[in-house]
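The values are calculated or read from the model by the stated rules, or taken from the named source; none is laboratory data. Just so we're clear, the structure is a prediction, and the values are computed from it rather than from any experiment. With ideal geometry, Cβ positions are generated from the backbone for all residues, glycine too; neighbour counts draw on all protein chains shown. Protein only, heavy atoms only, side chains kept; ligands, DNA and RNA dropped before computing areas. Shrake-Rupley method; radii C 1.70, N 1.55, O 1.52, S 1.80 Å.
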Amino acid sequence: MSSGVEADIALDAAVVLSLGMNRALGRTAGLAGRGAEALAALAAGRAEARAAALAEAESYDQALRQVLDRNARIEALAETRAGLGAEVALPAPLRPDGLAAEELLSWCAAADEALDRAERALSERLAASVAAEIFAAPGAVEGLRADVGAAPPPRAEGAATSDETSEETYDEAYRTLERVLARLLPDVAEEDRRTVAEAARLLAAASSLEDAEGALTEVRLRVQAANRRTEELRAEQRRRAAERDAAEQAEAERRYVLGSITSAFEEMGYEVQGGFETLTAGGDGEVVLSRGSWPDHSVRMRVDDDARLRASMVRTRPARSEDDRRVDVEREREWCEAFEAARTRLEGAGIRSRVTWRLDPGVRELPVNDGSRRAARQTGTRPGQRERRREREK
């Protein structure tokens, strides 16, 4: 990029944490208080205060993430409860805004106990539902009862009759099935539920104790397989949620950088045309910086997805004389000084930059871009820019 500069940019940890907390708390603008304190200390050069504020922000962020995890689990179990038509108590999701980290962690501990109880209750409800459906079928386990009573052993005095033994065997099979089914996670897929139920029906149709044992073994295996698939699905859902969160965080960081750059140059008297919003979400747009005292010059700037800022000074009409070229060098020097001043302002906002490439003033002739100035004249000052100026003048 001729007549310009490139710099790698990085956000301070306080900005990263604050933007994440803002998203989690549902805020649309501004930095969360704890991160703002760390940034203020950074700008004031108070290292100890910044370290303390940053540690507090990190603790709060970790507690906030735990609350969000529990809220997501509450939502998932509520869906499962509705699907089963069960009356199982669940804690209400927590709105974490305004609570201290210690309060958030205390709620999480109580929520964990309540959620574990709810998940066990839902699993038991599912097990009872499947077992009741199977054993309520006409003629269920009659074969097993008949097999137990078909050839009774010699009856000792006081021993149970064959009918009593058959009933006990039936009851034990039923209890064993319920225990096995109770291990089934409540949010298994409907297909897995059907597969487990099919195996359980083998017990209902068993004509011997050996068949019953075989059926119970098959139920155990299918429950284990269903739970494994459910755990894998949960892990995949967490992975996707983490990817979405990372993408949203990257976009929030990108918007923060672009907004800070815009504000820094506007405060220094530049007009920002084009809108940095065109650069978000992988867009191909760029902005143009201009000044009232620059009739023939502007600066094209963009921030790429690789967190690299690129800026280049251009002419809005070809240079026609040596005097034009002399003015070019003056404008380039002016721009270089402004860029360094902007870097200092951005550092106070938690945006560090490292220049990786720079072309000194006068080394090359400035490229010409007629459309940039015409677009600037057509666009004029953006409403957002006018609003920010009014805010600064108050």
Percent relative contact order for the stretch 185-270, counting Cα pairs under 8 Å at least six residues apart, stands at 29
Here the stretch 86-103 yields Karplus 3J(HN,Hα) values (6.51, -1.76, 1.60; θ = phi - 60°; whole Hz; Gly and Pro given as x) of 9, 9, 10, 6, 10, x, 7, x, 9, 8, x, 4, x, 9, 6, 4, 5, 5
In the stretch 241-366 the accessible area split gives carbon plus sulfur, as whole percent at 1.4 Å, a share of 46
Summed over the other residues with a beta carbon less than 13 angstrom from that of Leu105, with K and R at +1 and D and E at -1, the charge totals -3
Placing each pseudo-label 7 Å from Cα in the direction of the beta carbon, Ala110 and Met268 end up separated by a distance in nanometres of 5.2
Output ordering of 257-266, 185-194, 226-235 (per-residue mean of other Cβ within 10 Å, highest first) is 257-266, 185-194, 226-235
Expressed per residue, the solvent accessible area of the stretch 213-345 in Å² (1.4 Å probe) is about 49
Between Thr176 and Asp306, the two model label points (7 Å from Cα along the beta-carbon direction) sit apart by a distance in nm of 6.5
